[in-house]
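Presented below is the structure to which this report refers.
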Amino acid sequence: MDFLSIKFFIFFFSAICIFYLSPLRYRISVVFPLLNLFFILTYVNNLSQLLPLVVFLGAGFIGIRLVETFANRVAFITSLSVILVIFVYLKKYAFVSFLPFISRSYLSVGLSYILFRMVQMLIDVYQKSIQERVSLVSFSNFCCNFLTFVSGPIQRYQDYKLQESSLGQKALTEREVFDSFSRMIHGLFKVVILSTLCMGYYKWFFSFMQDSTVNESSLVLCRKFILASFFCSLYLYFNFSGYMDIVISFGKILGFELPENFNRPFESRSFLEFWSRWHITLSEWFKFYLFNPFVLFLTDKWPNRKAVPYYGVLAYFFVFFIMGAWHGSSWVFLIYGLFLGAGMSINKLFDVLMRKYYSVQYKKIIEHGLSGLLGTALTFSYWSMGTSCCWLDLKDLVKLMIKFKIQGFLMSFLLGIFLWAGALWLVRGFKYIFGRGITSLNGNFYFSRTWLSFELFIVIGFWFYGFGGIPDFVYKAF
Amino acid sequence: MKNIFKQMAVILLFFCLWYVFFLFLTYHFYPENTVVDNSRLHERNNRLVLGKLKSNIFLNDAQNILLGFWVTKHESKRIIIIGGSNALRINPAVMQKALPDFTINLAAVRNSNITQLRDIVYVVRKSSPGSLKGTIFIIGVCFATFFNDNASGGHVLYENKNLTFLEAEGLRYGLYKLRDNKLELVLAPRMMPLAVHLLRPFLLCDLVFYDLKSYYDNSFASLHAVQKKPQDLKGEEFKQASLAEWRDSLGNIRDFAEDGIMSDFVTLCKEIEKSGASVVIVDLPSAPWMQNESEYYKKYTLKRLLYLDEDRIIPRLRYVNLATLLPPITDGDFVDSVHPTKEEGEMWSKAIAGFVLSQRKFLGF
């Protein structure tokens, strides 16, 4: 079901009515599974397309049961391996392209997110972080939750279970309901208008870049490249965070507290900070289930106190390389992984060395406004350049590398820092002048409702205007 | 649950207030249609013109037809000009002077082929209660009218489907649907005028968004040199670029103007004639260099002898090669390969009006 369709909004209102009109004891055991099933069925044309998903979920559930029953390393590793093998096979990764894949079409939406949930449950059951036995209903509700099915956020099973047990015990206040609707409409605004505009411009600059003649000056080429990268990054942000706003507010209305996935990422002063603000639940997942065990492993293997910070550098590279590679099934995402890994580990190394040798000055520099502005611009510029892997295929990327060489990328990077710092400076100036006024107006009952309904009107108007050109949720493909 | 519905109702109420406000604005700035006229709409591309088109709320030539005909007063004697972008250069005001008893509707749409012409005729027929007696269809054709639906000419990609411009616009507001590659109404014809009126606030949004986007596009374009279009080139370079563009847009020469397409055109003319209307097929000239160098034009000249001659035997149908009514045409009469200059467009309009008057006995008025 497309989230930007009339069908979805009919589903939304029906779901609210059915959910609240049904007796409390049936909401989780009957109504919620039925809503999930209905939602998933809208993605398939016939039931056979669901079979791979059912097999994947079945393997996950059996694996969890095995670990619960035997509670040993063999059961855990076997279950984890089976889940990973099925996942890699269903996702048709390029590195296993020699395998005979299923030729018929099947549902692959949300597979990555189901994998994260199942692996998390498996590890937590094995480590006894989940004490109680996982029932089939809880498992299916958690893995196929229609709110998070398509692209997260990645909730922990323990958090979900807490909400499941306390569902319906507290009625939402008028303010909470209004805030939820308000967030939903802001989310629609981001997805329908802002992401569409940014997508249009990134494609526009990208096509200019492709049309560029050999004689064109390198500065013009760099400008086209960095603007295409900027707009691509903004498009990803508005699209994904807008979707999160819709999902989280929908969940809130139904009584679920879904975790936040974004916290103003483009205000991050470093790449390390960026990943604690961008796709937070994914970063957290990787931190809990990959980064920490990896650092622990290194510390156990080579227990040297002085080396511990450098283990972090290595672990960042490893974890973010994996995370980058996860973003797609083609080879270009390995380069994306290298880019992310390099960014994180260099940033961590810089941080470690500065704290070691210039501790006092470093603290002062960090706290200075200008360095913050430059750090933010540097982070955004670096990340935007990295996202070029998401819109270029390997062939185009290699072409670009040959055309640009190191100096071209450096020039684009510097130009990006300069442009983004300028843009930030303008935004901050605007906030400084008008910020207080807007905040006080938002508290006014009539103004907030008038503004919100105007926003909704504009969203509907733009939806008609951009007919057929409104982008789908970009993370749906994962 | 009470709180949820209460908040929903409050937001909906405020939304309705905005809706009514914008509806009022549209009637203030854009009074109701009296005539469908695409000539100025065609000019709005690439420049900021908000507020300059006070008589028309529709964003583009396709919308003007698909929605505009439903809210246009149906006069008993009217001329409806259909065709492609070169037919858009016909000046309705010039024709009106020569034919004062008629209302002139310029309903041509850029990149029209037979499928689009059929869709336009469908809209006109559905929006006109009763017979089309008293209506004269002037179909402006040229070689570029006869391309296959699979060619890329004027198609837009929507959800991985290749749609004609008219089809995409028809689907935009959900008032039309596609069945067997033809546009069909979703609502009953009597409901359509109301639906178009209700859409007016969003049509206004379209205009504002379009103008804002044009403004920003132009701002960005000034930052980056856009690749040159054929019309920016000169001499032989221009000709070769134009020919290449036509090849790209009209598709494979084997599929172009093939018998099926030509027969479809004849069938369409017969259908119009059956509905009570008269038909004038006007063969619009192309630039002389295009006539000499385009393989598409050469194929078309052969085919028109076979098919457009056949049309002449249908009652209330006339065919005219416009070039025979005009002084000898030169390359200078065209801004590119097929589109006439403004002055030449006015000459075309006078010549067509003169031809219609001369054929009044056959056309039934």
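The values are calculated or read from the model by the stated rules, or taken from the named source; none is laboratory data. Everything numeric here is computed off the predicted structure, so don't read it as measured data. We place every Cβ from the backbone using ideal geometry, glycine too, and count neighbours over all the protein chains shown.
Within segment B:197-233, being modelled with pLDDT of 70 or more and more than 13 Å from every other protein chain (Cβ to nearest Cβ) holds for one residue alone: B:H197. Only residues that are surrounded by fewer than 18 Cβ atoms within 10 Å (Cβ to Cβ) and at pLDDT below 90 were counted in segment B:272-288, giving 3.
Would a scan of segment A:181-194 turn up a residue that is of a type in the set (S, T, N, Q) and modelled with pLDDT under 90?
So far as segment A:181-194 goes, no, none of its residues is of a type in the set (S, T, N, Q) and modelled with pLDDT under 90.
When B:Y319, B:Y307, B:Y297 are checked against the criterion of being in contact (Cβ under 8 Å) with a residue 60 or more places away in the chain, surrounded by 15 or more Cβ atoms within 10 Å (Cβ to Cβ) and either assigned by TED's automatic domain parsing to the domain that holds B:S127 or at negative phi (or both), B:Y297 stands alone in meeting it. Picking from residues in segment B:170-211 that are of a type in the set (F, W, Y) and under 21 Å from the mean Cα position of the chain (by Cα), the one that is nearest to B:D149 (Cα to Cα) is B:Y176. Filtering segment A:129-147 for residues that are among the acidic types (D, E) and either within 23 Å of the chain's Cα centre (by Cα) or under 23 Å from A:F13 (Cα atoms) (or both) leaves an empty set.
Scanning segment A:169-202 for residues that are free of Cβ contacts under 8 Å to residues at least 24 places away in the same chain and within 19 Å of A:K224 (Cα to Cα) yields a single hit, A:L197. When A:E267 is tested against the conditions (1) more than 23 Å from A:S151 (Cα to Cα); (2) free of Cβ contacts under 8 Å to residues at least 60 places away in the same chain, the lone failure is (2).
Just one of (1) of a type in the set (G, A, S); (2) modelled with pLDDT of 90 or more; (3) in contact with an Asp or Glu (Cβ under 7 Å, 6 or more places away or on another chain) fails for B:A62. It is (2). A:F98 meets each of the listed conditions (1) closer than 13 Å to A:V54 by Cα; (2) surrounded by fewer than 19 Cβ atoms within 10 Å (Cβ to Cβ) apart from (1). Tell me which residues, restricted to segment A:220-247, are free of Cβ contacts under 8 Å to residues at least 60 places away in the same chain and under 13 Å from the mean Cα position of the chain (by Cα). Across segment A:220-247, the qualifying residues are A:Y237, A:F238, A:S241, A:G242.
Could you count how many residues in segment A:282-310 are in contact with a Leu (Cβ under 9 Å, 6 or more places away or on another chain) and of a type in the set (S, T, Y)? Residues that pass the stated criteria total 1. Here the condition is being in the same structural domain as A:L419 (by TED's automatic domain parsing), of a type in the set (D, E, K, R) and without any contact (Cβ under 8 Å) to a residue 40 or more places away in the chain; of A:K348, A:K405, it holds for A:K405 alone. Step by step: first the residues of segment A:1-27, then only those that are of a type outside the set (D, E) and part of a loop (DSSP other than H, G, I, E, B), then the one that is farthest from the chain's Cα centre (by Cα). Which residue is that? Here the residue is A:P23.
A:K431 meets the conditions (1) modelled with pLDDT under 85; (2) under 30 Å from B:Q7 (Cβ atoms); (3) more than 14 Å from every other protein chain (Cβ to nearest Cβ) in every case but one. The failed one is (1).
In segment B:1-42, the qualifying residues are those that are outside any helix (DSSP H, G or I) and farther than 19 Å from B:A62 by Cβ, and the one that is nearest to the other protein chains (Cβ to nearest Cβ) is B:M1.
In summary, helices (runs of 4 or more DSSP H) completely within segment B:288-365 and bearing 2 or more residues that are of a type in the set (V, I, T) and under 28 Å from B:F102 (Cα atoms) occur at B:342-358.
One line per residue, one yes/no per condition, for (1) more than 14 Å from chain A (Cβ to nearest Cβ); (2) surrounded by fewer than 22 Cβ atoms within 10 Å (Cβ to Cβ); (3) not β-branched (V, I, T):
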| position | (1), (2), (3) |
| --- | --- |
| B:I120 | yes, no, no |
| B:A144 | yes, no, yes |
| B:N148 | yes, yes, yes |
| B:A168 | no, yes, yes |
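Considering B:S112, B:S131, which residue is among the polar types (S, T, N, Q) and surrounded by fewer than 21 Cβ atoms within 10 Å (Cβ to Cβ)? The match here is B:S131. Scanning for something crowded, with 19+ Cβ neighbours inside 10 Å, touching a residue at least 24 places away in the same chain (Cβ under 8 Å), assigned to a loop (DSSP other than H, G, I, E, B) and in the same structural domain as A:I40 (by TED's automatic domain parsing), does segment A:155-168 turn up at least one residue? So far as segment A:155-168 goes, yes, one or more of its residues are crowded, with 19+ Cβ neighbours inside 10 Å, touching a residue at least 24 places away in the same chain (Cβ under 8 Å), assigned to a loop (DSSP other than H, G, I, E, B) and in the same structural domain as A:I40 (by TED's automatic domain parsing). Checking each residue in segment B:80-114 for being more than 27 Å from B:L199 (Cα to Cα) and of a type in the set (A, V, I, L, M, F, W, C) picks out B:A87, B:I90, B:A93, B:V94, B:M95, B:A98, B:L99, B:F102, B:I114.
When the test is whether a residue is hydrophobic (A, V, I, L, M, F, W, C), under 20 Å from A:V150 (Cβ atoms) and part of a helix (DSSP H, G or I), A:L84 does not pass it.
Residue count for segment B:154-164, restricted to those that are modelled with pLDDT of 70 or more and away from chain A (no Cβ under 12 Å): 1.
Let's see how each residue does on (1) in contact (Cβ under 8 Å) with a residue 12 or more places away in the chain; (2) away from chain B (no Cβ under 14 Å); (3) over 21 Å from A:Y235 (Cα atoms); (4) under 25 Å from the mean Cα position of the chain (by Cα):
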residue: A:V427; (1), (2), (3), (4): no, yes, no, yes
residue: A:W451; (1), (2), (3), (4): no, no, yes, no
residue: A:I460; (1), (2), (3), (4): no, no, no, no
residue: A:F464; (1), (2), (3), (4): no, no, no, no
residue: A:P471; (1), (2), (3), (4): yes, no, no, yes
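For the residues A:V150, A:V192, the requirement of being within 25 Å of B:D206 (Cα to Cα), of a type outside the set (S, T, Y) and out of contact with any Asp or Glu (no Cβ under 9 Å at 6 or more places or on another chain) singles out A:V192.
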